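*Asks:* Once you've had a glance at the structure underneath, I'll fire off some questions.
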Amino acid sequence: MGYPTKIPPILITNLAKNAEPLSQRNNKAADVADGAAKSINFSCKDHDDVAWIGKMRYDALIMEIKRLKIPLRWYEETLGKEKKKAKFHLRSVQRMKVRVWLAKGKGVRRFSTSNESVQMREAEARKGFDLFHEFARCVVPSYNWDEIAME
């Protein structure tokens, strides 16, 4: 029974299943060259040259594939490492968000007197001013920063 469109069925092959040792592949290249030489009626010397050229081209292609697989493997490994780093960073950011959300609930502090809250705010302002003072001395050491005081 023939096919109505005269197109043969497509054969799907698995490369891993059809993988052969390099020596057998080289023999196949020589066999193909042998068949081509017989069909074109090359002399024996020409046949050997064609087989040798085919084998060399085939070997060059195999070496090129192997050479290109090395950087490909490196890129795949690097990409995998970067994915892991990104996932780790995302998890740490999510944990920080939860901590900030929890801290908002704990941030309300009640004071028995208004004097305590004033003292706490003054202490925080003093800490901030001291940090600014230290930073300013590092940035411009020649200026006399002791003249500037917090009011």
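*Asks:* Taking Lys66, is it closer than 26 Å to Met150 by Cβ and modelled with pLDDT of 85 or more?
*Replies:* no
*Asks:* Further question: Taking the stated definitions as given, is Asp146 assigned to a helix (DSSP H, G or I), modelled with pLDDT of 75 or more, exposed (fewer than 10 other Cβ atoms within 10 Å of the Cβ) and not β-branched (Val, Ile, Thr)?
*Replies:* Taking the combined requirement at face value, the residue satisfies it.
The values are calculated or read from the model by the stated rules, or taken from the named source; none is laboratory data. The model shown is predicted, which means the values in this text are computed figures rather than measured ones. FYI the Cβ positions are ideal-geometry reconstructions off the backbone, even for glycines, and counts take in every protein chain you see.
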